[in-house]
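The values are calculated or read from the model by the stated rules, or taken from the named source; none is laboratory data. Being a predicted model, the structure only gives us computed values, none of them experimental. Heads up, the Cβs are rebuilt from the backbone with ideal geometry, glycines too, and the neighbour counts pull from every protein chain shown. Just the protein is used for accessible areas: all its heavy atoms, side chains included, with ligands, DNA and RNA removed. Shrake-Rupley method; radii C 1.70, N 1.55, O 1.52, S 1.80 Å.
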Amino acid sequence: MAELPKERVTATRPFSITGIDYWGPIQLKPNHRRAAPCKGYVAVFVCFTTKAVHLELVGDLSTSKFIQALRRFVARRGLCAEIFSDNGRNFIGAANELRNIIERKHHQQLIAEECASNGIRWHFNPPKASHFGGLWEAAINSAQKHFFRVLSNHVLASEDMQTLLAQIECCLNSRPLVPLSDDPTDFESLSPGHFLVGSSLKAVPDIDVTTIPTNRLRSYQLIQKLLQQIWQRWHVEYLCTLQSRSKWTNPPVNIQKDQLVLLKEENIPPYHWPTARILEIHPGKDGITRVVTIKTPTGIYTRPVSKLCILPISSPDVNNSKPSTRNQQARTNQQPTQHIDG
């Protein structure tokens, strides 16, 4: 695996360097009752530095529809300096058309000076190299998999689908990344939403409608039910990715006091990530910690380590742990190989 490109580690404003891809198709309710359902697609914009996600509903895969989605995205998130995408025909056409617009003299007067002088640099991945776009492929996997499972046979109107996609986007941008500080009294974590609005994303209070039959719900309540079902599936899966379970031949995760952790709780409302600080650790006879005492904004509790997810920390003392005894013995028993010149 190659190292991260410089665009991933360069400090820029959100969505200045963006990756774009599509997923779909999805069924949309037609304007006329007797007409057949029409197809739609979702354009996914992913920020390279903050991993923030922006979703746009697109009517088809034509260049004109993509340019309209790109203009909506730029109007809300700002002009991009660089865009990375797969080698699709719609992206190639959009890049050529944008280049032609910028180069025309009578259009340069209508475009801002910085946009006309710098333009948008478009980078295409090599053909048949989807693994080059792992950043936006991961974002598509997070949003698409449970979306199709929950949506099932429901056909939503275009406006309802835009509402659902906006709330799914908020779920993705509310996920915790790293702790904001090492203060034991600070329970807030850094999320992509902090780079977009300056604070964590919050949801409007709503009732739980997951147990109510669909035929008893209005259109707005149906959207909220779909969102709550997607949240119940996705946030548990995201928490599992934060728990790296290694074999017994590898050293266990080094748990220390005052670390910020996420709690695996049931029946959590959307956009809510319960956090806590480790107050005390209780190692067993073998020296491995399986039970800890945590402190939350509401009180002090005892929880097993299997119900906690430690956020990534850049401290070398936490990441660089000593190898296990079995691995040390294996290295000791290995004899050096003799190299003969010539």
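Below, the figures for the structure above:
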| read-out | value |
| --- | --- |
| Within-13-Å neighbourhood charge of LEU28 [Cβ basis; K, R +1; D, E -1] | -1 |
| Amide hydrogen neighbours beyond the local backbone of ALA52, cut-off 5 Å, H modeled | CYS47 |
| Alpha carbon convex hull of the stretch 173-301, volume per residue in cubic angstrom | 144 Å³ |
| Net charge over other residues, Cβ less than 13 angstrom from the Cβ of LEU55 (K, R count +1; D, E count -1) | 0 |
| GluC sites (Glu not before Pro) restricted to the stretch 1-94 and DSSP loop, no more than 16 other C-beta within 10 Å | GLU3 |
| Protein-only accessible surface order, largest first, of THR211, THR10 at 1.4 Å | THR211, THR10 |
| Unit charges on C-beta of K, R, D, E only; dipole of the stretch 150-252, Debye | 480 debye |
| Computed label-point distance, nm, for sites THR211 and ILE281 using a 7 Å Cα→Cβ extension | 4.0 nm |
